[in-house]
1. Go ahead and run the numbers for FRET between E44 and M1, Cβ-Cβ distance against an R0 of 30 Å, rounding to 0.05.
2. Can you figure out the FRET efficiency of I63 with L14, using R₀ = 22 Å and their beta-carbon distance, to the nearest 0.05?
3. Sorted by mean Cβ packing within 10 Å, highest first, what order do the peptides 48-61, 67-80 take?
4. Which whole-Hz ³J(HN,Hα) couplings does region 56-66 yield from phi under the Karplus relation 6.51 cos²θ - 1.76 cosθ + 1.60, θ = phi - 60°, glycine and proline marked x?
5. Kindly identify region 7-75 as rounded, prolate or oblate by the Cα gyration tensor criterion: order the square roots of the eigenvalues as a ≥ b ≥ c, call it rounded if a/c is under 1.5, otherwise compare a/b with b/c, prolate if a/b is larger, else oblate.
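We did not get these values from a lab; they are worked out from the coordinates using the rules stated. Keep in mind that this is a model prediction, so the values were computed, not measured. In this analysis, Cβ positions are derived from the backbone assuming ideal geometry, glycine residues included, and neighbour counts consider all displayed protein chains.
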Amino acid sequence: MRLPNRAAPAVDSLAADIADASCALADTAGPRTWSISAVEDTVEAIGMLVTALSTIDPAAARILATIPAATTALLRHIGTQAPDDEPTTGTATVPLPISRATRTRRRGLGHGYQGIHIPE
């Protein structure tokens, strides 16, 4: 599927803000820095982003369908969701990579990042 080169102004701006915040979170977070509420907030944000991206088209929704099961499994792993709670559709089939103990500092994408333009 081909998307337009430019999104609506609010979508571009909000997506850039989310990318910057995600980079900042990844730079700050480590094995001993999380709280239950921080994990729950992040999982909720992931769910909202999956919902938003799933509106692109039905294929995008199918591609992203396994993510809710993975986030549900994470919540069960940290003990915020009981195993008998209502299961989410989809299954987590691909293990996520384990983060390195030390990370290099990322700068983020920067405000107004427009992506790499490749002439056709």
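1. Calculated transfer efficiency: 0.65.
2. Working: r = 21 Å, r/R0 = 0.96.
Calculated value: 0.55.
3. Numbers: 48-61: 12.7, 67-80: 15.7.
So the peptides 48-61, 67-80, ranked by packing, come out 67-80, 48-61.
4. For region 56-66, the Karplus curve yields 4, 5, x, 5, 4, 4, 5, 4, 8, 4, 7 Hz.
5. On the way: a/c = 2.79, a/b = 1.27, b/c = 2.21.
Oblate.
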